[in-house]
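Asker: Sharing a structure, written as structure tokens. Questions coming.
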Amino acid sequence: MRVVSLVPSLTEAVAVTVPGVLVGATDWCSHPVDLDVTRVGGTKNPDVPRIIALAPDLVIANEEENRAPDLAELRAAGIEVLLTEVRTLDQAFRELRRVLAACGAGRPRWLEEAEAVWWDPPCPSVRLRAAVPIWRRPWMVLGRDTFAGDLLARMGVDNAYAAHTERYPRVPVEELRAAELDLVVLPDEPYRFTREDGPEAFSTRTPVALVSGRHLTWYGPSLVEAPAVLSAALRAACR
């Protein structure tokens, strides 16, 4: 079977579970680190002719990460496209099982381990209210119905903008500073927040947690480590 993945999370899941099946992936598919396949551009601007030339049996896509016109062009060329939707952890587990089955795989051990560790993830003693910026210039945060927001909620961190009408609203930093937050969570993707770029925008009275974007936003083998990695970052920020 020949598969092209346009979703970094699912690229890792397929590559780890069914080695040799992937023939193409995006430039943003950084895991596994030794992945050796044809690169087909970005998630938002894939090289459709190059994908067609690879003659894949299946292209894996996601309704949020990939553009409908690109997927329509692939379908018009006679290529099967498996479109996923992931806005909660439960959805992620369902879609992972569906994708791996479509690639000829059963239920891998890492997926069983991920489901087990997320059954009862570590949580703080009291729930925290947080904002989760994902971009700067302009500032954007997690809003409603997001996978990352669901993960944090399961770990006792409530998204202050979970009821917003938009999924990724633009929020002026002045509003974030005045929001009476218990915590600000800064992932290192899609915007690469660092100790020198991000925390200085907020009051020293508001704890800031710098977290791994891969463990917060990816759904794949990283889910096994995610509860421990995220919990450690949250604890460090709230000391």
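Bear in mind these aren't lab numbers, they're just calculated from the coordinates by the rules spelled out. In this text the structure is predicted, and so the values were computed from the model without any measurement. Glycine gets a Cβ as well: all are built from the backbone with ideal geometry, and neighbour counts include every protein chain shown.
Asker: Taking every DSSP beta bridge that has both residues in the chain, what percent is antiparallel when rounded to the nearest 5?
Answerer: Details: 5 of 26 bridges.
The answer is about 20 percent antiparallel.
Asker: Relative contact order for segment 128-238: what percent, with Cα pairs under 8 Å and sequence separation of 6 or more?
Answerer: 25 percent.
Asker: What FRET efficiency comes out for the pair Arg50/Arg75, r = Cβ-Cβ distance, R0 = 25 Å, nearest 0.05? Kindly include the intermediate steps, with their values, before the conclusion.
Answerer: Working: r = 16 Å, r/R0 = 0.66.
My answer for the efficiency is 0.90.
Asker: With contacts defined as alpha carbon pairs under 8 Å and 6 or more residues apart, what's the relative contact order of the chain in percent?
Answerer: Worked out over the chain, it gives 16 percent.
Asker: Same structure again: Which length gain, in nm to one decimal place, applies between Ala116 and Glu174 when the Cα-Cα distance is subtracted from 0.36 nm times their residue separation?
Answerer: Length gained, Ala116 through Glu174: 16.9 nm.
Asker: So, one more: Can you list residues whose amide H is under 5 Å from Val211's amide H, if they're 5+ apart or on another chain and H is modeled 1.01 Å from N?
Answerer: Under 5 Å from the amide H of Val211: Leu186, Asp188.
Asker: To the nearest 20 debye, what is the magnitude of the charge dipole of the chain about its Cα centre, counting +1 on the Cβ of each Lys and Arg and -1 on the Cβ of each Asp and Glu?
Answerer: 260 debye
Asker: What residue among Leu216, Leu96, Leu54 shows peak mean-square fluctuation when the chain is described by a Gaussian network model with Cα springs under 10 Å?
Answerer: Highest fluctuation among the options: Leu54.
Asker: Can you work out ³J(HN,Hα) from phi for every residue in segment 201-211, in order, using Karplus 6.51 cos²θ - 1.76 cosθ + 1.60 and θ = phi - 60°, giving whole Hz and x for Gly and Pro?
Answerer: Using θ = phi - 60°, the values come out as 6, 10, 4, 5, 7, 9, x, 10, 9, 8, 10 Hz.
Asker: Nearest 0.05, what FRET efficiency do Arg127 and Ala232 give at R0 = 25 Å with Cβ-Cβ as r?
Answerer: With R0 = 25 Å, the Cβ-Cβ based efficiency is 0.85.
Asker: Follow-up question, since we're still on this one. Given Val184, Val117, Leu230, which one lies farthest toward the positive end of the charge dipole of segment 91-239, if we put +1 on the Cβ of every Lys and Arg and -1 on the Cβ of every Asp and Glu?
Answerer: Farthest towards the positive end: Val117.
Asker: Hey, rough spin-label estimate for Leu83 and Asp27, points 7 angstrom out along Cα→Cβ, what's it come to in nanometres?
Answerer: 2.6 nm
Asker: With a 10 Å Cβ neighbour count serving as the proxy for reagent exposure, in which order, fewest first, do Thr217, Thr194, Thr206 appear?
Answerer: Numbers: Thr217 22, Thr194 11, Thr206 18.
Ascending number of Cβ neighbours within 10 Å: Thr194, Thr206, Thr217.
Asker: Are there any GluC sites (Glu not before Pro) in segment 134-196 that are in a DSSP loop and have at most 13 other Cβ atoms within 10 Å? List them by number.
Answerer: Answer by residue number: Glu166, Glu180, Glu196.
Asker: Below 11 angstrom from the Cβ of Pro221, what's the summed charge of the other residues (Lys, Arg +1; Asp, Glu -1)?
Answerer: Numbers: positive: Arg109, Arg214; negative: Glu12, Glu113, Glu225.
The answer is -1.
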